[in-house]
Amino acid sequence: MAKDKQVAKSSKKDAEKSGKKGGIKQYFKELKSELKKVVWPTRQQVVNNTGVVLSVMAVMAVFLFAVDAGLGKAFEALLSIGK
């Protein structure tokens, strides 16, 4: 019981210490600093990546269409056996 109270007090103190270290002004200052570290892709990289994504989507669409059509025909064949 005493340990539970001690743990609760220490957790409360830790929360108070980490709670307000700089406020919203500090948050935005750090955010600006982090955004400066980001390496943004070039226009050519974005175009290339977009092309890859669209190509993969087209291939997957054709593949899924073929699987769907094949399974549909197989299901119809199974149902026609029962007639």
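Computed values, structure above
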| read-out | value |
| --- | --- |
| Any hit, the range 63-70, residues being under 24 Å from the mean Cα position of the chain (by Cα) and at pLDDT 95 or above | yes |
| Every pair of residues 6+ apart whose Cβ atoms lie under 8 Å, when the first sits in the range 30-41 and is on the phi < 0 side of the Ramachandran plot while the second is outside any loop (DSSP other than H, G, I, E, B) | Pro41/Asn49 |
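The values are calculated or read from the model by the stated rules, or taken from the named source; none is laboratory data. Worth saying up front: this structure is predicted, and the values here are computed from it rather than measured. Reconstructed Cβ throughout: ideal geometry from the backbone, glycine too, with neighbour counts over all protein chains shown.
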